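This is the structure I want to talk about, given as structure tokens.
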Amino acid sequence: MKHDYNLFKNYLLFDGLSESEVQKFINLMKFEKVKSNQVIINEGDNGDTIVLLINGEVSITQALTLKNSKTVTDNREKTSIRIDSKKSHHFFGEISLFNEVDKRTATITATSDCEIAILDDDDIINLCNEDHTLGYKIMKNLAEKLASSLERTNSQVLKLTTVFSLILDN
């Protein structure tokens, strides 16, 4: 597969960027093939990259409760979302760019053979510092993705508190 502007122009991360601006990011990307059932990102692990799904399908799972320190295995209730590269141009790991703790907030698992592109957080920050106009565009796009994720998380919290309230009322 050819890794050029046409492949990446529809990703929200690159919205509003010119071909030459997107090419700067492409030049920094590392490309990997991932086998079906392989974990790409593991919730709770350290992270310092953004991952773009180029081809394939993944599932995103995220724990809905805190981990109990007494249990050895993680059997918490999880929420799951499926992403297909044919239907959307998705990227993951953006929270690690802004979080000093750098802990992954979800697990991304390949549900088919996939191809991914990896951008190192330091490379993104350095590029944004070199070109402030480009940096503004990228940060605006990342803010849109984070706001969308926050809305989804707020909805999940509301559902959980409603269930908890119903349980306490009985």
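Restricting to region 126-143, name every residue that is surrounded by 12 or more Cβ atoms within 10 Å (Cβ to Cβ) and touching a helix residue (DSSP H, G or I) at 6+ places or on another chain (Cβ under 9 Å).
127, 128, 131, 134, 135, 136, 137, 138, 139, 141, 142 - these are the residues of region 126-143 that are surrounded by 12 or more Cβ atoms within 10 Å (Cβ to Cβ) and touching a helix residue (DSSP H, G or I) at 6+ places or on another chain (Cβ under 9 Å).
Looking at region 96-114, I want the residues that are on the phi > 0 side of the Ramachandran plot and have a partner that is not aliphatic (A, V, I, L, M) with Cβ atoms under 7 Å, at least 6 apart or on another chain. Which pairs are those?
Close Cβ pairs satisfying both conditions: 102/46; 102/47; 102/48; 102/96.
Select from region 16-37 the residues that are in a loop (DSSP other than H, G, I, E, B) and surrounded by fewer than 14 Cβ atoms within 10 Å (Cβ to Cβ) and list them in ascending order.
Just the residues of region 16-37 that are in a loop (DSSP other than H, G, I, E, B), to begin with: 16-18, 27-29, 35-37.
The answer is 16, 18, 27, 35, 36, 37.
Could you list, in sequence order, all residues of region 38-48 that are touching a helix residue (DSSP H, G or I) at 6+ places or on another chain (Cβ under 6 Å) and surrounded by fewer than 20 Cβ atoms within 10 Å (Cβ to Cβ)?
We begin by selecting, within region 38-48, every residue touching a helix residue (DSSP H, G or I) at 6+ places or on another chain (Cβ under 6 Å); these are 47-48.
Within region 38-48, just 48 meets the criteria.
Check whether at least one residue in region 83-98 is closer than 16 Å to residue 61 by Cα and at pLDDT below 80, and report yes or no.
yes
Follow-up. Counting only residues that are outside any loop (DSSP other than H, G, I, E, B) and surrounded by 14 or more Cβ atoms within 10 Å (Cβ to Cβ), how many does region 85-124 have? Before you say what the answer is, go through the steps one by one.
Residues of region 85-124 outside any loop (DSSP other than H, G, I, E, B): 91-92, 95-98, 103, 107-110, 114-124.
Keeping just the survivors that are surrounded by 14 or more Cβ atoms within 10 Å (Cβ to Cβ) gives 91-92, 95-97, 107-110, 114-121, 123-124.
Of the residues in that region, 19 qualify.
The values are calculated or read from the model by the stated rules, or taken from the named source; none is laboratory data. On a predicted model such as this, the values are computed, not experimentally measured, just so you know. Because the Cβ atoms are built from the backbone with ideal geometry, glycine has one as well, and the counts that use them run over all protein chains shown.
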